[in-house]
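The values are calculated or read from the model by the stated rules, or taken from the named source; none is laboratory data. Note that the coordinates shown come from a computational prediction; the quantities given were computed from them, not determined experimentally. For neighbour counting, all protein chains shown are included, and Cβ atoms are generated from backbone atoms with ideal geometry for every residue, glycine included. Each accessible area value is taken on the protein alone, full model and side chains, heavy atoms only, with ligands, DNA and RNA left out. Shrake-Rupley method; radii C 1.70, N 1.55, O 1.52, S 1.80 Å.
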Amino acid sequence: MAEEIFQQVTNCSKQEARQWFKHIQKCPQVWLTQDALSIVAAIDLAFGDIPKPAHFTDHTHCPECADHDQNLRSHQRESIPRDALGCPGYDPITFCSPDGVAYYMPALVRYALAPSHFDDREWYGEQLLYFLGNDSNTVRHFNPQQKQALLAVVHFLQSSPDWVTTMSGSSHQVDLCMAEQALISTL
Ligand SMILES: [Zn+2]
């Protein structure tokens, strides 16, 4: 759908439109607004030094853990595509170790702050907020600088409720409050 509109507006070929969308799906930084960019810079400062772990999940536990591990091992935080982050029902990050989540956090936040251009995927912010609000083990693992940087993400989304509603088709005030509480209570 978005590809067709882009093709009509720019008068490019169907193939060119598809390639362009493939490219922007890999490069979320090109969609970010100026406000969002400063929040992302703080996230990069707090999480950018985390090395890529050898494994992301308890990969010998079961086929689902093995699948999520293989998926996350096969990407880099600079280029992981939106598709690889799954959906609320099959979300690799919810199986991930705290070190693995920290490694991918710069990518997760970029997707949460970027408008969704992809008809086949939901807005990623929904998954990130749910995760932060419900996985207290991982949130406790983050250091104060990392939690402050994530709080800025939550507050940015809280200050734009219309935008969040537009992105997701429903209100996420509860998820936003739970994520905020989880971060503040462990600071
Ligand atoms: Zn398992």
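Below, the figures for the structure above:
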| quantity | calculated |
| --- | --- |
| Hits in segment 40-86 - residues which are touching a Gly at 6+ places or on another chain (Cβ under 7 Å) and closer than 25 Å to Val154 by Cα | Phe56, Leu72 |
| Test: Val109 is under 25 Å from Ala179 (Cα atoms), assigned to a helix (DSSP H, G or I) and touching a Ser or Thr at 6+ places or on another chain (Cβ under 9 Å) | no |
| Pick from segment 72-92, criterion within 16 Å of the ligand (Cβ to nearest atom) and open to solvent by 40 Å² or more (accessible area, probe 1.4 Å), ranking: farthest from Glu126 (Cα to Cα) | Arg73 |
| Count of residues meeting criterion [touching a residue at least 12 places away in the same chain (Cβ under 8 Å), in a helix (DSSP H, G or I) and either away from the ligand (no atom under 16 Å from the Cβ) or open to solvent by 30 Å² or more (accessible area, probe 1.4 Å) (or both)] in segment 38-66 | 9 |
